[in-house]
Amino acid sequence: MVFSSLLFLFLYLPILLFIYYVSPKRLKNVVLLVASLVFYAWGEPVYIVLMIFATIGDYVFGLLLSSPTYGAMKRKLIVVASVAINVSVLGFFKYADFLIININTAWGTSIPLLELPLPIGISFYTFQSISYIIDVYRRDVEAQRNWIDFAAYISLFPQLVAGPIVQYSTIAEQLLSRTVGHAMFAEGVRRFIIGLAKKVLLANNIGIIWNQISAQPVESLSMLMAWLGIIAFAFQIYFDFSGYSDMAIGLGLMLGFRFNENFNFPYISRSITEFWRRWHISLGSWFRQYVYIPLGGNRQGRLKQLRNIAMVWMLTGIWHGASWNFLIWGVYFGIILMLEKWFMLRMLDRLPAWMSHGYAILFILLGWVIFAVESIPQMAGYFRAMFGGNSMPAWNEPFLYVLYTNGILLLILILASMPLSKSRLIASHSSSLVFQSVSFIWHIILLLVSIAYLVDASFNPFLYFRF
């Protein structure tokens, strides 16, 4: 079940909200837990056992960590055991076949593949469990003694399958006590509609263009068609994932939770460092707090800082998927970030804004090629096409046709990826009755158009489900 589906919008969500709001306060987490398990079981009825197992395991580990009878060494062993179990389960389901394929290729063996489907959202709820255990170990938070409350946190359906990654410390108090006023609920509805429109009207439509271009033999692509294709993918993955995050944050508000932001207009960045502060913020924060800083961060000299960046970005690449292109993607951005930390950021600060922004967009788009094209030969062929290596004209009639028929969509995507809503002009009128009335009508239109699109459309993928 996805948020951008008629089933979710007209059946699951209304029933949940009704039961949730008529339930007494002491039962709201029970309702939330049951609803989250139903949501997850809709797509993964078997793997719900895996999630419950992880929830029980880390609940017990958390209680053991809070016991005053355990000394420092025992507490460290508990953390190691929890992290090892979580990482092992994640690694088994996500990387077992990848490892087998590479062993067969390297050694000429014929080990059969397991061909296990990847449990939806396992990368996200595993990281949440690990962050909880580490935070309890550090005594940043107290262990949750109510299993229902803890299970509701791990299985919380708004961000369960694709984030944002919600650390326990962010919502620990909200799990115990939360209220939803009219303003908060209205804010949640508004945020959900914006996310739905980004996903359905923008990501889905530009995704069709990327699918059409990427389906063509790379040898037949003109240079500008190849660039148009990866620009389309860049917009698709941004509006797809940020739209989902908006919907998750909006649903959280409707239920009384305030999740942290996950995107902050990343395509306005003037460096790759800035881009990764604005893109998938919850993942970057997780790696910073639980990998980069424990390794020493930037406190032990430049060389160790660069080493720590390299390790974090290798892990970031692997986290995204069991394929060599993801590892290469992580190494690619790790190298750029190391160079920026070393000397390039100082250079970029001296450049005019348009030049530093152009630099960031260029390397972001090159990175998306590595991310999107799993086959290494296909990836190399796509790069050749982008830089005129196909012995074809820079543009041709197919390119002009795609550009002409989608020009307005591309313009809307560019404008929507910029923080226009935060302009001083809009901010100065945001509290006026006229502005609020126009805003209300605008959101109703977006909702109706999105629903109309869902009724008629057959193309409604979600990219981050595979992670």
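Can you work out the FRET efficiency for the pair ALA106 and LEU315, with r the C-beta to C-beta distance and R0 = 22 Å, to the nearest 0.05?
Between ALA106 and LEU315 the formula returns 0.45.
Residue separation times 0.36 nm, minus the C-alpha to C-alpha distance between MET355 and VAL60: what's the value?
Gain on stretching MET355 to VAL60: 100.9 nm.
Just by accessible area at a 1.4 angstrom probe, what is the order of GLU173, GLU187, GLU261 from largest to smallest?
So the residues, ranked largest to smallest area, are GLU173, GLU261, GLU187.
Is the C-alpha gyration tensor of the range 353-404 telling us rounded, prolate or oblate? Criteria: a/c under 1.5 is rounded; beyond that, a/b larger than b/c is prolate, otherwise oblate.
oblate
Starting from the alpha-carbon convex hull of the chain, give the projected area averaged over all orientations, in nm².
26.0 nm²
To the nearest 10 square angstrom, what accessible area does THR316 show with a 1.4 Å probe?
THR316 exposes around 10 Å² with every protein chain in place.
Need one word for the range 230-384: rounded, prolate or oblate. Basis is the Cα gyration tensor (sqrt eigenvalues a ≥ b ≥ c); a/c below 1.5 gives rounded, then a/b vs b/c decides.
The shape class here is rounded.
Enter the accessible area of VAL166 (Å², nearest 10), with the probe set to 1.4 Å and all protein chains included.
Here the residue's solvent-accessible area equals roughly 10 Å².
Run through every distinct alpha carbon pair of the range 1-123 and return the Kirkwood hydrodynamic radius in angstroms, one decimal place.
When all Cα pairs of the range 1-123 are included, the Kirkwood radius is 17.9 Å.
Over the range 356-426, average the accessible area per residue using a 1.4 Å probe and give it in Å², no decimals.
Value for the range 356-426: 58 Å² per residue.
Mind putting a number on the dipole of the chain about its Cα centre? Charges go on the C-beta only, +1 for Lys and Arg and -1 for Asp and Glu, and I need it in Debye to the nearest 20.
Working: 31 positive and 20 negative charges, 311 e Å.
Using Cβ point charges on Lys, Arg, Asp and Glu, the chain gives about 1500 debye.
Towards the positive end of the charge dipole of the range 252-335, with charges on Cβ (+1 Lys, Arg; -1 Asp, Glu), say which of LEU253, VAL331, GLN289 has the farthest Cα.
Working it through, the farthest residue towards the positive pole turns out to be GLN289.
Would you list, by chain and number, the aspartates and glutamates whose Cα falls below 17 Å from the Cα of LYS28, excluding same-chain residues fewer than 8 positions away?
Counting by Cα, and skipping residues close in sequence, LYS28 has these aspartates and glutamates nearby: ASP149, GLU173.
Over the range 61-109, average the accessible area per residue using a 1.4 Å probe and give it in Å², no decimals.
58 Å²
So with the 1.4 Å probe, I'd like the accessible area per residue for the range 152-278, rounded to whole Å².
Spelled out: the 1.4 Å probe surface of the range 152-278, per residue, equals 29 Å².
Ignoring ligands, DNA and RNA, how do LEU160, LEU410 rank by accessible area with a 1.4 Å probe, largest first?
Numbers: LEU160 0, LEU410 25 Å².
Listed by decreasing accessible area, they come as LEU410, LEU160.
In straight Cα distance, which lysines are under 19 Å from LYS198, not counting same-chain residues fewer than 8 positions off?
LYS422
List the lysines whose Cα lies under 22 Å from the Cα of LYS341, skipping any in the same chain that are fewer than 8 positions away.
LYS304
At a probe size of 1.4 Å, how large is the accessible area of MET225, to the nearest 10 Å²?
Counting only protein heavy atoms, the figure is 10 Å².
Just check the range 73-164 against the gyration tensor rule for me: Cα atoms, a ≥ b ≥ c as the square roots of the eigenvalues, rounded for a/c under 1.5, and otherwise prolate or oblate depending on whether a/b exceeds b/c. Can you show the working numbers first?
Working: a/c = 3.58, a/b = 1.79, b/c = 1.99.
Judged from the Cα gyration tensor, the range 73-164 comes out oblate (a/c at least 1.5, b/c at or above a/b).
Only helices at least 20 Å long along their own axis, judged from Cα atoms, and with Kyte-Doolittle mean hydropathy of 0.0 or greater: name those in the chain from DSSP H.
Counting only whole DSSP H runs, the qualifying helices are 28-43, 48-65, 72-107, 122-137, 182-197, 223-254, 302-320, 324-339, 353-372, 433-456.
Taking all protein chains together and a probe of 1.4 Å, list ILE445, ILE249 from the most accessible to the least accessible.
Ranking ILE445, ILE249 by accessible area, largest first, yields ILE445, ILE249.
The values are calculated or read from the model by the stated rules, or taken from the named source; none is laboratory data. Because the structure is predicted, anything quoted here is derived from the model rather than measured. Cβ coordinates were reconstructed from backbone atoms using ideal geometry, including for glycine residues, and neighbour counts include every protein chain displayed. Accessible surface areas use protein heavy atoms only, side chains included; no ligands, DNA or RNA. Shrake-Rupley method; radii C 1.70, N 1.55, O 1.52, S 1.80 Å.
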